[in-house]
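The values are calculated or read from the model by the stated rules, or taken from the named source; none is laboratory data. Note that the structure is a prediction, hence the values are computed from the model and not measured. Backbone-built Cβ (ideal geometry, glycine too); neighbour counts: all protein chains shown. All accessible areas refer to the heavy atoms of the entire protein, side chains included, with ligands and DNA or RNA removed. Shrake-Rupley method; radii C 1.70, N 1.55, O 1.52, S 1.80 Å.
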2 protein chains.
Amino acid sequence: MDKAKAYIDEHKERFVGELFELLRIPSVSAQSVHAPDVVRCAELLAGLLVRSGADRAEVMPTEGNPIVYAEKIVDPAAKTVLVYGHYDVMPVDPPDRWETDPFEPVVRDGRIRARGADDDKGQLYMHVKALETMLQTGTLACNVKFMIEGEEEIGSGSIARWCGLHRELLRADIILVSDTSLLSWKVPSITCGLRGLCYVEVEVTGPNRDLHSGLYGGAVANPINVLSGMIASLIDAEGRITIPGFYDGIRELAPQEHREFAAAPFCEAAYCKSLGILETQGEKGYTTLERTGIRPSLDVNGIWGGYTGEGAKTVIPSSAYAKISMRLVPGQDFHKIGELFAAYFRDIAPRSVKVRVKVLHGGAPYVSPTDLPAYRAASAAFEQTFGRKPVPFYSGGSIPVISVFEKELGVKSILMGFGLDEDAIHSPNESYPLANFYRGIETIVRFYANYTAMETA
Amino acid sequence: MDKAKAYIDEHKERFVGELFELLRIPSVSAQSVHAPDVVRCAELLAGLLVRSGADRAEVMPTEGNPIVYAEKIVDPAAKTVLVYGHYDVMPVDPPDRWETDPFEPVVRDGRIRARGADDDKGQLYMHVKALETMLQTGTLACNVKFMIEGEEEIGSGSIARWCGLHRELLRADIILVSDTSLLSWKVPSITCGLRGLCYVEVEVTGPNRDLHSGLYGGAVANPINVLSGMIASLIDAEGRITIPGFYDGIRELAPQEHREFAAAPFCEAAYCKSLGILETQGEKGYTTLERTGIRPSLDVNGIWGGYTGEGAKTVIPSSAYAKISMRLVPGQDFHKIGELFAAYFRDIAPRSVKVRVKVLHGGAPYVSPTDLPAYRAASAAFEQTFGRKPVPFYSGGSIPVISVFEKELGVKSILMGFGLDEDAIHSPNESYPLANFYRGIETIVRFYANYTAMETA
């Protein structure tokens with residue numbers, strides 16, 4: 001390992017420079033104006049994989065954005081690790097809140113600042129540089145494959161079918177993913193649970209045109225007021241989601257599990273302080289870690305309607321809109337939840353409006369066992385680099401593809417992410433510490449060493 | 001009158017051509033980018049007034065947008081009519097819903113199509129052409145003054161002070177205003193009641209930055225969900241506004257007044273059909289005409305927050321916003337209502353968010369007596385041109401300056417508007433029928449004849 005550590009140290013500035021090439025491309029999958037950037041980013045990534053030692057790297061078409069596939073086969077009889085990541089990024093809205101250009105990466109205060117610095121370009125590139133390090137130091141003892149997609153931020157719509165078409169190519173013993181966070185730099189963690197997702201867009205329409213709120217106000221249902229009321233009624237006073245059947249199939253936590261969550265390192269006061277809020281809130285009877293980790297939730301991600309410009313306009317708009325997402329937990333099926341939501345939302349609409357519900361995308365929740373050999377290899381790697389055994393963590397986020405891989409490829413995933421809460425992924429001023437980037441590469445190299453040394457795959 | 005009618009008919013195409021000059025200027029007072037257009041519009045209007053026969057016309061500065069003052073003094077001892085109107089217009093949002101360029105007027109299907117075609121450039125210009133007609137046919141027997149402001153659509157913020165500074169200049173016996181609508185072409189009406197207005201903007205802030213809705217959803221208050229709930233709680237199940245003290249001072253309708261409202265020509269089914277809605281809604285115990293005419297109301301005029309672009313973004317935004325207006329009736333003070341709203345909105349906010357309330361502007365309600373000589377002169381003029389006695393009508397709209405004039409100048413106003421519901425003021429595709437424009441000029445000329453023939457001012 002000393003050789004590997006020395007290699008990383010010697011080449012670390014070049015590693016960051018290569019990552020900057022990736023970060024400069026605005027591969028925003030949610031905005032069609034960036035479609036050419038998405039393709040350009042895939043092509044650059046394939047090139048970087050070859051430069052880093054892959055035998056082959058291909059930009060493979062899908063029904064949506066292309067997937068970058070690459071591999072280094074050292075011995076067909078050896079174990080195979082399949083690395084998953086995504087090269088697409090979230091939109092930058094609101095752009096005026098960025099302190100630096102989101103697509104002109106800089107290092108400031110020890111952090112790489114750019115959209116995608118953490119999620120997921122920075123994290124996926126650690127795997128590319130771990131491959132180079134192992135090849136250049138002669139320590140790679142298994143096969144490595146990469147599948148890096150370009151639709152993770154919009155629901156990974158194409159990868160399931162693509163996996164189904166390439167089962168042989170993707171044959172592997174374990175999938176390795178870095179797209180999650182550490183509890184903190186001092187408390188390393190491996191993500192063992194992910195929530196699922198059901199994302200919908202709703203439209204509430206009242207009158208057939210925008211109306212003058214003076215002439216009609218008081219007699220004609222205002223779609224914004226109606227939509228607000230409908231949103232408000234989706235969660236009750238106890239923090240429970242009111243959609244009939246929403247909680248069906250969810251296993252309640254056993255007292256022992258409540259105790260395990262309570263034992264996880266977490267400081268409510270520090271959490272509130274870092275967010276600038278006076279208190280948390282949520283479903284009655286659960287703690288913050290339970291509410292975000294293993295209980296479902298419902299959030300409005302966007303709302304708009306009427307006049308939102310400067311000054312005042314006295315209008316009753318014809319329509320109002322919202323984007324609403326639900327995080328799901330084991331026992332919930334995102335297809336069924338989408339149907340339940342749509343039926344309920346139509347049901348609670350007053351007769352004075354018409355309602356349209358469009359399910360945009362969804363994904364299944366995932367739980368990873370902590371007794372897998374690969375989990376133990378990852379756990380030992382963290383302990384070696386961080387000096388502390390990592391905590392198994394139930395994240396509230398969703399990586400819907402993880403359950404897709406289990407279903408389509410029959411392979412489990414290990415979520416060894418190196419992000420930090422402060423990285424502000426999905427927010428303005430996303431960043432990723434250089435220290436995490438370098439230690440991530442080292443931890444990944446150690447994982448391979450531990451994993452290939454094990455008897456069982 | 002035959003001479004006047006013949007003159008209008010002979011010159012009607014030129015009249016419309018001049019109005020088009022005004023309509024081509026995007027004098028949108030709510031958007032600072034249009035500030036130069038607002039001034040340009042005032043200058044053009046002053047020029048048109050002089051061309052139409054005014055002794056003098058001036059663009060007079062205020063603390064905000066200028067006011068166009070003009071006069072034709074025929075005899076200092078004669079009666080004086082003061083015409084009020086506004087040359088500013090509403091924004092055109094959403095611009096993609098316009099079938100023709102909002103600032104390139106055209107006549108199609110007998111209607112002038114442009115922003116401001118009715119509200120209020122089209123209606124105010126009838127008064128300018130009525131002046132020309134009376135001068136050219138030698139029938140003007142009283143003094144005429146004009147005060148045309150440029151801030152009506154943003155709350156008439158400067159005119160009160162300006163009126164106070166120019167009381168002598170503005171001395172008049174009656175104020176004449178065309179900025180309202182007829183019940184229909186077949187049912188002429190004179191507006192006797194206007195609602196007041198209190199317009200606020202609210203901001204609800206939760207976490208100090210946008211958050212990933214997966215990682216935080218379920219534990220951190222989402223400002224959009226919170227704002228939706230707060231908006232929903234402003235109106236109860238009976239359609240009553242829940243702000244404590246909101247209804248204080250409002251006189252309840254007497255049974256006789258309910259009967260008068262019920263007797264007004266109005267068809268609920270036709271009203272719903274024209275709006276494309278299945279039913280009206282509102283405060284329990286009141287009819288549609290009462291709800292919009294003499295009862296207060298509360299509407300959200302705009303709402304925004306989070307991700308509103310294409311596709312999906314899983315964000316809990318730091319803040320959410322809404323523009324909310326309340327229509328007020330006699331007995332309500334808009335300053336006090338603004339304070340009550342702000343206090344209540346802060347009061348109902350959960351501890352998990354911070355709330356900011358900004359009162360943008362307001363105006364007092366107004367009621368005009370139907371036994372004024374000028375009302376009788378107007379009523380007779382409508383009867384002469386429309387063949388039917390006009391109905392006294394209580395409009396739900398607000399022209400806050402009307403009560404300002406009464407307070408600052410001690411002069412009552414007669415609201416003889418010629419708009420139609422179909423004119424879509426404040427909406428995309430605003431229009432104004434040529435027939436209303438021409439008949440409006442004739443009715444105004446007849447008003448002067450009737451009014452100057454009366455013994456009492």
Any residue at all in segment B:263-278 that's within 7 Å of chain A (Cβ to nearest Cβ) and of a type in the set (Gly, Ala, Ser)? yes
Residues that are outside the structural domain of A:SER156 (by TED's automatic domain parsing) and buried (at least 24 other Cβ atoms within 10 Å of the Cβ): find the helices (runs of 4 or more DSSP H) completely inside segment A:194-265 holding 1 or more of those. A:213-216, A:223-232
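For (1) closer than 14 Å to B:GLU151 by Cα; (2) open to solvent by 10 Å² or more (accessible area, probe 1.4 Å); (3) touching a Phe, Trp or Tyr at 6+ places or on another chain (Cβ under 6 Å), each residue gets a yes or a no:
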residue	(1), (2), (3)
B:ASP37	yes, yes, no
B:GLY47	no, yes, no
B:MET60	yes, yes, yes
B:ALA70	no, no, yes
B:LEU82	no, no, no
B:PRO91	yes, no, no
B:ARG97	no, yes, no
Number of the exception - A:ILE402 against (1) within 14 Å of another protein chain (Cβ to nearest Cβ); (2) in contact with a strand residue (DSSP E or B) (Cβ under 7 Å, 6 or more places away or on another chain); (3) surrounded by fewer than 22 Cβ atoms within 10 Å (Cβ to Cβ); (4) over 30 Å from B:GLY397 (Cβ atoms): (3)
Please indicate, with yes or no, whether at least one residue in segment A:96-106 is over 17 Å from the mean Cα position of the chain (by Cα) and modelled with pLDDT under 95. yes
Out of all the residues in segment A:297-314, is one or more part of a loop (DSSP other than H, G, I, E, B), farther than 29 Å from B:ASP93 by Cβ and of a type in the set (Val, Ile, Thr)? no
For residues in segment B:17-35 being open to solvent by 10 Å² or more (accessible area, probe 1.4 Å) and part of a helix (DSSP H, G or I), which is farthest from the other protein chains (Cβ to nearest Cβ)? B:GLY17
Among the residues of segment B:172-192, is there at least one that is within 12 Å of chain A (Cβ to nearest Cβ), closer than 25 Å to B:ASP88 by Cβ, open to solvent by less than 20 Å² (accessible area, probe 1.4 Å) and part of a loop (DSSP other than H, G, I, E, B)? yes
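State yes or no: is A:ARG115 of a type in the set (Lys, Arg) and open to solvent by 10 Å² or more (accessible area, probe 1.4 Å)?
Values: of a type in the set (Lys, Arg): yes; open to solvent by 10 Å² or more (accessible area, probe 1.4 Å): no.
Criteria not met by A:ARG115.
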How many residues, within segment A:420-455, are of a type in the set (A, V, I, L, M), in contact with a strand residue (DSSP E or B) (Cβ under 7 Å, 6 or more places away or on another chain) and at negative phi? 3
Just one of the numbered conditions (1) open to solvent by less than 70 Å² (accessible area, probe 1.4 Å); (2) hydrophobic (A, V, I, L, M, F, W, C); (3) in contact with a helix residue (DSSP H, G or I) (Cβ under 8 Å, 6 or more places away or on another chain) is not true of B:LEU278; which one? (1)
Just to verify a result, which residue in segment B:141-153, among those that are open to solvent by 10 Å² or more (accessible area, probe 1.4 Å) and in contact with a strand residue (DSSP E or B) (Cβ under 7 Å, 6 or more places away or on another chain), is modelled with the highest pLDDT? B:LYS145
Looking at A:LYS186, A:LYS121, A:LYS129, can you tell me which residue is at pLDDT below 95 and either over 30 Å from B:LEU234 (Cβ atoms) or not basic (Lys, Arg) (or both)? A:LYS186
Across (1) under 18 Å from A:ILE324 (Cα atoms); (2) at the interface with chain A (Cβ under 8 Å from one of its Cβ atoms), B:SER319 clears everything bar (2)
Listed residues A:VAL33, A:VAL16, A:VAL28; which is of a type in the set (A, V, I, L, M, F, W, C) and out of contact with any strand residue (DSSP E or B) (no Cβ under 9 Å at 6 or more places or on another chain)? A:VAL33
Residue hits (segment A:408-447; away from chain B (no Cβ under 14 Å), open to solvent by less than 10 Å² (accessible area, probe 1.4 Å) and not β-branched (Val, Ile, Thr)) are A:SER413, A:MET416, A:PHE418, A:TYR432, A:ASN436, A:PHE437, A:GLY440, A:PHE447
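Condition (residue is within 14 Å of chain A (Cβ to nearest Cβ), touching a strand residue (DSSP E or B) at 6+ places or on another chain (Cβ under 7 Å), open to solvent by less than 40 Å² (accessible area, probe 1.4 Å) and not in a loop (DSSP other than H, G, I, E, B)) applied to segment B:368-389: is it met by at least one residue?
For segment B:368-389, residues within 14 Å of chain A (Cβ to nearest Cβ), touching a strand residue (DSSP E or B) at 6+ places or on another chain (Cβ under 7 Å), open to solvent by less than 40 Å² (accessible area, probe 1.4 Å) and not in a loop (DSSP other than H, G, I, E, B): absent.
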For residues in segment A:325-352 being facing another protein chain (nearest Cβ under 9 Å) and buried (at least 19 other Cβ atoms within 10 Å of the Cβ), which is farthest from A:VAL220 (Cα to Cα)? A:ARG327
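Of all residues in segment B:209-233 being farther than 25 Å from A:THR191 by Cβ and of a type in the set (S, T, N, Q), which is farthest from the other protein chains (Cβ to nearest Cβ)?
Only one residue tops the list, namely B:SER233.
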Quick one: which residue in B:GLY293, B:GLY362, B:GLY302 is facing chain A (nearest Cβ under 7 Å) and either small (Gly, Ala, Ser) or in contact with a strand residue (DSSP E or B) (Cβ under 7 Å, 6 or more places away or on another chain) (or both)? B:GLY302
Can you tell me which of B:ILE441, B:ILE414 is outside any helix (DSSP H, G or I) and touching a residue at least 40 places away in the same chain (Cβ under 8 Å)? B:ILE414
Which condition does B:GLY157 not pass, out of (1) crowded, with 23+ Cβ neighbours inside 10 Å; (2) small (Gly, Ala, Ser); (3) within 14 Å of chain A (Cβ to nearest Cβ), if it passes all the others? (1)
Qualifying residue in segment B:196-205 (condition: of a type in the set (Ser, Thr, Tyr), closer than 30 Å to A:TYR321 by Cα and in contact with a His (Cβ under 6 Å, 6 or more places away or on another chain)): yes
